[in-house]
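**Student:** For reference, the structure I am asking about is given below.
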Amino acid sequence: MADTTASYHQADPGRRNKRMAVMLAGVAAGMVGLAFASVPLYQLFCQVTGFGGTTQVASNNPKGVIDRQMKVRFDVNVDRALAWTVTPSAPITDQIGRVDTVNYIATNNSDKPVTGQAIFNVVPEKAGYYFNKIECFCFTEQTLQPGETVEMPIVFFVDPDIDENRELDTIKEITLSYTFYASDSEGS
């Protein structure tokens, strides 16, 4: 009987090692899955909360217009790899809730078609939750032909609910900033 007990205990560590290896492999696979899911989950978090100056997307403004005014400034940065010149719109001041349209002007300075994409943020970051875009060139890639100049519209409004956020009572100005990059499909 001693031989049977000894052989059971000798096989048992191997079984435990296999079980531990399967558990560790499962943990590693779960971590890889979380790594791939982290970017979309982070984007969803930013869109829902306005974290990091992420703006909202809307189809219209159902909440109306209030008397409080807000100045919106527009800023632009262009990556060196993108052969474009981009000029932002002049600042505007309007009632909160009013839907406004502004245009950035972009010119392709190269002798070939160039595709670019813009990413954006809002400062102060907490105001991003209240900044709503109805239409924006930043929703898709833009391709400009050699020497072409185009107007790139943004249709937006500031949500009147910003007036109820006491942390933003003193905010009188929001800056919408775009950074333009060459599209990955260009091979740059």
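**Student:** In this structure, is Ala37 at pLDDT below 70, open to solvent by less than 80 Å² (accessible area, probe 1.4 Å) and more than 30 Å from Asp169 (Cβ to Cβ)?
**Tutor:** The answer is yes for Ala37.
**Student:** Look through Val102, Val86 and report the one residue that is out of contact with any Asp or Glu (no Cβ under 8 Å at 6 or more places or on another chain), modelled with pLDDT of 95 or more, farther than 16 Å from Thr179 by Cβ and open to solvent by less than 50 Å² (accessible area, probe 1.4 Å).
**Tutor:** Going through Val102, Val86 in turn, the sole match is Val102.
**Student:** Right, here's the next one. Cβ contacts < 7 Å: first residue of a type in the set (Gly, Ala, Ser), restricted to the stretch 67-92; second residue part of a loop (DSSP other than H, G, I, E, B) and open to solvent by 40 Å² or more (accessible area, probe 1.4 Å), any location; separation 6+ or different chain. Result?
**Tutor:** Between residues of the stretch 67-92 that are of a type in the set (Gly, Ala, Ser) and residues that are part of a loop (DSSP other than H, G, I, E, B) and open to solvent by 40 Å² or more (accessible area, probe 1.4 Å), the close pairs are Ala81/Ser188; Ala83/Asn109.
**Student:** Does the stretch 145-156 contain at least one residue that is surrounded by fewer than 17 Cβ atoms within 10 Å (Cβ to Cβ), touching a Gly at 6+ places or on another chain (Cβ under 9 Å) and free of Cβ contacts under 8 Å to residues at least 60 places away in the same chain?
**Tutor:** Within the stretch 145-156, none of the residues are surrounded by fewer than 17 Cβ atoms within 10 Å (Cβ to Cβ), touching a Gly at 6+ places or on another chain (Cβ under 9 Å) and free of Cβ contacts under 8 Å to residues at least 60 places away in the same chain.
**Student:** Right, next: Within the stretch 105-128, how many residues are over 14 Å from Cys138 (Cα atoms), open to solvent by 70 Å² or more (accessible area, probe 1.4 Å) and at pLDDT below 95?
**Tutor:** Qualifying residue count, the stretch 105-128: 3.
**Student:** Quick test of your reading of the structure: Lys172 fulfils all but one of (1) within 21 Å of Asn61 (Cβ to Cβ); (2) surrounded by 14 or more Cβ atoms within 10 Å (Cβ to Cβ). Name the failing condition by number.
**Tutor:** (2)
**Student:** Further question on the same structure: As an exercise: evaluate Thr179 against (1) surrounded by fewer than 16 Cβ atoms within 10 Å (Cβ to Cβ); (2) part of a strand (DSSP E or B) and give the number of the one condition it does not meet.
**Tutor:** (1)
**Student:** Give me a count of the residues in the stretch 96-120 that are β-branched (Val, Ile, Thr) and touching a Gly at 6+ places or on another chain (Cβ under 8 Å). Steps first, please.
**Tutor:** Restricting attention to the stretch 96-120, the residues satisfying the condition of being β-branched (Val, Ile, Thr) are 96, 99, 101-102, 105, 107, 114-115, 119.
With the extra rule that they be touching a Gly at 6+ places or on another chain (Cβ under 8 Å), the set shrinks to 107.
Count: 1.
The values are calculated or read from the model by the stated rules, or taken from the named source; none is laboratory data. The shown structure was predicted, so the numbers you read here are calculated from the model rather than taken from an experiment. Glycine also receives a Cβ, built like all others from the backbone with ideal geometry; neighbour counts cover every protein chain displayed. Protein only, heavy atoms only, side chains kept; ligands, DNA and RNA dropped before computing areas. Shrake-Rupley method; radii C 1.70, N 1.55, O 1.52, S 1.80 Å.
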